[in-house]
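Okay, structure first, notes after.
The values are calculated or read from the model by the stated rules, or taken from the named source; none is laboratory data. Quick caveat: nothing in here was measured; it's all calculated off a predicted structure. Here Cβ is always computed from backbone atoms with ideal geometry, including for glycine, and neighbour counts include all displayed protein chains.
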Amino acid sequence: MRTGWAYVVGVLAAVRLTSWLWQGRGGRRDVVLDVALFAFPAGLVGGRLYFLATSWNEVPHHWWGPLAIWHGGLGIWGGIAGGTAMGIWRLRRAHVPVKSFMDCAAPGLLVAQAIGRVGNYFNQELFGGPTTLPWALRIDPAHRPDGYARFATFHPTFLYELLFDLALAAALVLVLRARRVNPPGVFALYVAGYSGFRIFEETLRIDPSHHILGLRLNFFVSTALCITGMCWFAWTQRSRAAKLAGRTGALVAVGWAACSLAACGAHHAKPVRAPEPRPVSQPTVQP
């Protein structure tokens, strides 16, 4: 239930911010509301389909299991793809400049994603490996993954993402208001920036996931989207002085992905001793 409220609040915040930015470009507020009414359900469907395609083993074993989004299980990549596709369709039907609207929507999407991550706190899910850092999150024994029962505190990776999303949203608002980027360059930066952070986040998370070559599936998805986003940005800015900066950014993205891949490969090549967490005061005895 709390996760559902987080989604609702996130959508309302995204609509508010997008409306402000879109009206600043001379657009109409009703267009934002119309797009949101169609894009939000499409995002839920896309997110669920992505989850079912990549994590079928985590679906409740009931006939209604594939529909049980109240048990969690929404893939962010599918949600973004579904919502974006539906939004573009609505914009074209309304004869609204699609690229400019996408730029105005990018910061709002990040804010919605950040607020949605609050639900992960209440569900005690999508956290990282054991740690004793001061901001470590204490996880109940029932929510600890197999092999981590003796650890009590973990990286709150959803909190890291929440803070990054808000910071990137603020940066994109500044870029957008400066009016120095060709549309949809801001949206391309959103794709590249968020995906780039997920490369880092995927090296910390320990929740169940399919692995390829010892690395989480979403690590490769994030790497591909980060590179795609930076190349997309460079392409959209090819007629401006920012062309060189865009190409440089694409090279940096490739380098970042390569370094992350090498680091993860080294991590899986030899055992790494887990940090000693704060011990659990009393073991939990299951009846």
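Here are the numbers for the structure shown:
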| item | result |
| --- | --- |
| Check on residue 26, modelled with pLDDT of 90 or more and within 24 Å of residue 191 (Cβ to Cβ) | no |
| Unique match (being surrounded by fewer than 17 Cβ atoms within 10 Å (Cβ to Cβ) and either assigned to a helix (DSSP H, G or I) or modelled with pLDDT of 90 or more (or both)) among 145, 183, 134 | 134 |
| Condition met for residue 178 (within 24 Å of residue 97 (Cα to Cα), modelled with pLDDT of 95 or more and out of contact with any Leu (no Cβ under 9 Å at 6 or more places or on another chain)) | no |
| Condition check for residue 171: assigned to a helix (DSSP H, G or I), surrounded by 17 or more Cβ atoms within 10 Å (Cβ to Cβ) and among the hydrophobic types (A, V, I, L, M, F, W, C) | no |
| Selection within the stretch 227-239 - part of a loop (DSSP other than H, G, I, E, B) and either in contact with a Leu (Cβ under 9 Å, 6 or more places away or on another chain) or surrounded by 21 or more Cβ atoms within 10 Å (Cβ to Cβ) (or both) | 237 |
| So residue 160, is it in contact with a strand residue (DSSP E or B) (Cβ under 9 Å, 6 or more places away or on another chain) and assigned to a helix (DSSP H, G or I) | yes |
| Qualifying position, being under 18 Å from residue 230 (Cβ atoms) and either under 21 Å from the mean Cα position of the chain (by Cα) or not small (Gly, Ala, Ser) (or both), among 139, 199, 212 | 199 |
| Out of 149, 178, 136, sole residue that is touching a residue at least 24 places away in the same chain (Cβ under 8 Å) and farther than 20 Å from residue 218 by Cα | 136 |
| When residues of the stretch 1-19 are limited to those that are closer than 15 Å to residue 79 by Cβ and among the hydroxyl-bearing types (Ser, Thr, Tyr), the one modelled with the lowest pLDDT | 3 |
| Criterion violated by residue 190 - all others in (1) modelled with pLDDT under 95; (2) on the phi < 0 side of the Ramachandran plot satisfied | (1) |
| Of all residues in the stretch 148-168 being under 15 Å from residue 191 (Cα atoms) and hydrophobic (A, V, I, L, M, F, W, C), the one that is surrounded by the most Cβ atoms within 10 Å (Cβ to Cβ) | 168 |
| Scope the stretch 198-226; condition surrounded by fewer than 19 Cβ atoms within 10 Å (Cβ to Cβ), free of Cβ contacts under 8 Å to residues at least 60 places away in the same chain and outside any strand (DSSP E or B); matching residues | 213, 214, 220, 224 |
| Neighbours by Cβ (under 7 Å, 6+ apart or cross-chain): first from the stretch 11-35, of a type in the set (Ser, Thr, Tyr); second part of a helix (DSSP H, G or I) | 18/32; 18/104; 18/105; 18/108; 19/29; 19/32 |
| Per-region count, the stretch 67-87, residues at pLDDT 90 or above and either closer than 17 Å to residue 52 by Cβ or buried (at least 17 other Cβ atoms within 10 Å of the Cβ) (or both) | 9 |
